[in-house]
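Accompanying notes for the structure given below.
The values are calculated or read from the model by the stated rules, or taken from the named source; none is laboratory data. Fair warning: this is a prediction, and the values are worked out from it, not measured in the lab. Neighbour counts run over all protein chains shown; Cβ positions are idealised from the backbone, glycine included.
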Amino acid sequence: MKIILSIMFLICLLILTACVQQASITTIEPAKAKELLDNKAELGLFVLNVHTPYQGKLDKTDAIIEDWQSIAQHKNQLPQDKNKPILVYCRSGRMSESAAQQLKDLGYKTIYDLKGGMRAWNTAGLDIIDWKD
């Protein structure tokens, strides 16, 4: 009987583990980022600028955290819901790459990192508010 209960417990544990959504970081090009921003409300997207120092921002940015090395210290600026998708960016992509990993470590499930940052966005002919490259 103990063996059967143990097996049933392990099966339940495996099922629960499989049901838990795994976190992912997806590096995206400016065109995909624009598509996400255009559908921000429908997606429930949160947009985060992590460039230090401030060099401008994309339209519809929800928060600016200039302390990109310590994202956890700024939890009050991040969504409470860890399932809310986050688009993170900086000027070149280096700071946002680190920030994206920190967001994943904090338990956020869906993170998009803008490849090449605001520079790539600008090169693609897209507007940046207060651009100071």
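Applying the criterion of at least 1 residues that are surrounded by 11 or more Cβ atoms within 10 Å (Cβ to Cβ) and modelled with pLDDT of 60 or more to the helices (runs of 4 or more DSSP H) found wholly in segment 1-53 leaves 30-38, 40-43. When residues in segment 54-64 are screened for being surrounded by fewer than 20 Cβ atoms within 10 Å (Cβ to Cβ) and part of a loop (DSSP other than H, G, I, E, B), 7 of them pass. Checking each residue in segment 105-118 for being part of a helix (DSSP H, G or I) and out of contact with any strand residue (DSSP E or B) (no Cβ under 7 Å at 6 or more places or on another chain) picks out only 105.
Of the set (1) assigned to a helix (DSSP H, G or I); (2) in contact (Cβ under 8 Å) with a residue 60 or more places away in the chain, all apply to residue 75 but (2). In this structure, does residue 81 turn out to be outside any helix (DSSP H, G or I), in contact (Cβ under 8 Å) with a residue 40 or more places away in the chain, of a type in the set (D, E, K, R) and loosely packed, with under 15 Cβ neighbours inside 10 Å? It is false that residue 81 is outside any helix (DSSP H, G or I), in contact (Cβ under 8 Å) with a residue 40 or more places away in the chain, of a type in the set (D, E, K, R) and loosely packed, with under 15 Cβ neighbours inside 10 Å.
The single condition among (1) more than 15 Å from residue 48 (Cβ to Cβ); (2) buried (at least 21 other Cβ atoms within 10 Å of the Cβ); (3) of a type outside the set (Ser, Thr, Tyr) that residue 88 does not satisfy is (1). Every test in (1) of a type outside the set (Asp, Glu); (2) out of contact with any Pro (no Cβ under 8 Å at 6 or more places or on another chain); (3) outside any loop (DSSP other than H, G, I, E, B) is passed by residue 121 save one, and that test is (2).
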